[in-house]
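Below you'll find the structure, written out as structure tokens, and then a few comments.
The values are calculated or read from the model by the stated rules, or taken from the named source; none is laboratory data. Here the structure is a predicted model, which means the values were calculated and not measured. Because the Cβ atoms are built from the backbone with ideal geometry, glycine has one as well, and the counts that use them run over all protein chains shown.
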Amino acid sequence: MKVYVLSKEGKPIMPTSRGGRVRWLLKIGKAKVVRTIPFTIQLLEEDRKYYTQEINLGIKPGSKELGISATSEKEELFCASVKLRTDIVNLLSTRREQRRARRSRLRYRNVRFINRVKTKKPGWIAPSIQNKIQYHIKIVEFVNKILPISNMIFEIAIFDIQKIKNPSISGVQYQEGPQKDFWNVREYVLHRDNHVCQHCKGKSGDKILNVHHIVSRKTGGNSPGNLITLCKTCHKDYHEGKIKLSIKKSKSYKDLTYLNIMRDRLYQELLKRYGFIYTTYGYQTKCDRISKGLLKSIDIDAYVISSGDINPLLSDTIYCISQVRRHNRQIHRSNILKGGKLKKNQADYKVFGYRLNDVIKYQGNRYYIGGRRSSGNFNIRSLEGDRKLDISYKKLRFMYEARRLFMYNQRRNVTPIPPTSKAVGIHGV
């Protein structure tokens with residue numbers, strides 16, 4: 001495992017694998033621990049000049065997960081897979097519902113349709129996408145703080161979603177979508193389903209047709225792929241829980257849309273900060289990965305992007321980083337108790353000395369505080385998905401306080417290497 005080293009001035013220098021020397025420096029007071037994951041020390045005395053090697057940083061952007069890898073000519077120095085938040089849309093939709101309820105049911109005011117549109121500045125993007133861009137940049141900044149990065153290689157992802165849906169599309173067809181000549185989405189959905197209930201196929205005899213959201217409109221939206229035709233009888237029975245629908249929402253291209261929007265903005269932001277960004281494309285990453293005989297994963301793709309034509313030794317440690325919420329800003333719960341009392345939605349800052357996402361040790365393993373109760377029974381979890389409920393706080397051993405925005409863990413690199421590149425061509429696409 002690598003130990004990352006900072007100079008006396010706080011600038012990153014080359015990491016080391018000499019654990020014995022690191023322990024000796026800490027013991028005699030010539031270095032101090034800056035962070036535990038990844039383990040980083042800072043030198044307090046410098047008696048010689050340090051030299052750095054050329055280090056490439058490969059960035060594999062994504063809408064749900066980000067891959068990042070730093071390599072030198074000989075070995076991979078840092079490898080991480082970062083899980084990004086996917087709950088932004090749901091949280092914003094919930095806030096919008098509560099605001100509308102407060103403005104209509106609790107206290108009425110006239111509707112103002114354009115009160116927020118005027119505040120959007122040129123270049124505005126949705127908050128869910130802005131959040132992903134910000135945390136891509138934060139992870140890149142973090143790696144630059146612990147390693148002396150020389151070059152940065154950014155993979156550009158370009159997706160033609162209309163071509164994915166219809167491989168034969170060409171020319172003017174790009175301007176003529178499937179809803180051409182239809183007045184609205186509802187008329188298109190009814191025509192697509194031949195004006196027949198998609199559950200009973202007309203057996204109920206009800207001639208009144210409704211358009212039903214397969215996934216809640218709150219998160220699924222009003223796209224035709226999330227809408228089906230149901231007769232009024234089946235629609236009512238479904239919402240009363242009398243029937244179940246076997247129809248699933250059509251394939252979503254939301255992640256590809258996110259990447260198309262993020263691509264240019266993220267590249268420009270990185271270019272503005274560092275000024276030395278090289279680009280590559282997904283097909284080049286795929287060809288290089290197959291030629292090196294590696295299976296597909298986001299951290300392996302980042303390694304291929306950063307290493308290029310050379311084959312440095314893979315790191316034996318992969319850092320698993322997960323983005324988390326910093327605060328829960330909702331003070332009270334939406335449902336009101338008997339007597340008109342509001343139930344508090346926020347726990348105390350510390351419960352029995354523990355904060356949310358604090359790192360603890362339980363039965364020899366590292367966990368994070370997931371839920372706290374005044375009774376002293378906590379819920380704990382790991383980044384790998386292991387959850388344990390109702391654990392007494394007396395059985396937990398405190399390690400260190402929660403990070404502000406990310407949870408860190410590390411695991412051994414067990415990436416399988418197939419015997420031939422032909423086998424990778426089948427499974428590594």
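Counting only residues that are loosely packed, with under 14 Cβ neighbours inside 10 Å and either free of Cβ contacts under 8 Å to residues at least 40 places away in the same chain or within 28 Å of V359 (Cα to Cα) (or both), the range 28-52 holds 12 of them.
Applying a threshold of 9 Å to beta carbon distances and a minimum spacing of six or more residues, or different chains, the list of pairs starting in the range 224-235 at a residue that is in contact (Cβ under 8 Å) with a residue 24 or more places away in the chain and of a type in the set (S, T, Y) and ending at one that is buried (at least 19 other Cβ atoms within 10 Å of the Cβ) and part of a helix (DSSP H, G or I) reads T229/V189. Candidates D348, D358: the one that is acidic (D, E) and at pLDDT 80 or above is D358.
Listed by position, the strands (runs of 3 or more DSSP E) enclosed by the range 1-62 that each have at least 2 residues that are under 36 Å from the mean Cα position of the chain (by Cα) and β-branched (V, I, T) are 3-6, 12-16, 31-35, 40-43. Among the candidates Y354, Y367, Y319, the residue that is within 30 Å of I137 (Cβ to Cβ) and not assigned by TED's automatic domain parsing to the domain that holds E155 is uniquely Y367. Against the numbered list (1) farther than 17 Å from V185 by Cβ; (2) part of a loop (DSSP other than H, G, I, E, B); (3) not β-branched (V, I, T), S250 comes up short only at (1). Among I336, I331, I310, which is in contact (Cβ under 8 Å) with a residue 24 or more places away in the chain and β-branched (V, I, T)? On inspection, the qualifying residue turns out to be I310. Against the condition over 21 Å from the mean Cα position of the chain (by Cα), surrounded by 12 or more Cβ atoms within 10 Å (Cβ to Cβ) and modelled with pLDDT under 75, how does Q173 come out, does it pass? Here the answer is yes, as Q173 does meet what is asked. Just for the range 176-192: of the residues that are surrounded by 15 or more Cβ atoms within 10 Å (Cβ to Cβ) and at pLDDT below 80, which one is farthest from R289 (Cα to Cα)? Filtering first and then ranking leaves F182. Within the range 284-304, being under 12 Å from E76 (Cα atoms) and of a type in the set (V, I, T) holds for I300, V304. With respect to the conditions (1) under 30 Å from L84 (Cβ atoms); (2) in contact (Cβ under 8 Å) with a residue 24 or more places away in the chain; (3) of a type outside the set (K, R), F142 lacks only one, and its number is (2). Can you confirm whether the range 256-268 contains a residue that is aromatic (F, W, Y), part of a loop (DSSP other than H, G, I, E, B) and surrounded by 14 or more Cβ atoms within 10 Å (Cβ to Cβ)? No, the range 256-268 has no match at all. Taking the range 63-82 as the search range and keeping residues that are under 17 Å from the mean Cα position of the chain (by Cα) and not hydroxyl-bearing (S, T, Y), which one is farthest from Q134 (Cα to Cα)? Applying the filter and picking the extreme gives C79. Take the conditions (1) modelled with pLDDT of 90 or more; (2) more than 28 Å from Y283 (Cβ to Cβ); (3) surrounded by fewer than 15 Cβ atoms within 10 Å (Cβ to Cβ); S150 misses just one of them, which is (2). Put simply, of R186, R192 the only residue that is free of Cβ contacts under 8 Å to residues at least 60 places away in the same chain and touching a Pro at 6+ places or on another chain (Cβ under 8 Å) is R192. The condition of being in a helix (DSSP H, G or I) and either exposed (fewer than 14 other Cβ atoms within 10 Å of the Cβ) or modelled with pLDDT under 90 (or both) holds for only one of T285, T219, T233, that being T219.
Of all the numbered requirements in (1) loosely packed, with under 12 Cβ neighbours inside 10 Å; (2) among the small types (G, A, S); (3) within 27 Å of E384 (Cα to Cα), G58 misses one, and that requirement is (1).
Kindly provide the set of residues from the range 269-306 that are among the hydrophobic types (A, V, I, L, M, F, W, C) and free of Cβ contacts under 8 Å to residues at least 40 places away in the same chain, ordered by number. Step through it out loud before you land on a result.
The initial filter retains those residues of the range 269-306 that are among the hydrophobic types (A, V, I, L, M, F, W, C), namely 270-271, 276-277, 287, 290, 294-295, 298, 300, 302, 304-305.
Within the range 269-306, L271, C287 meet the criteria.
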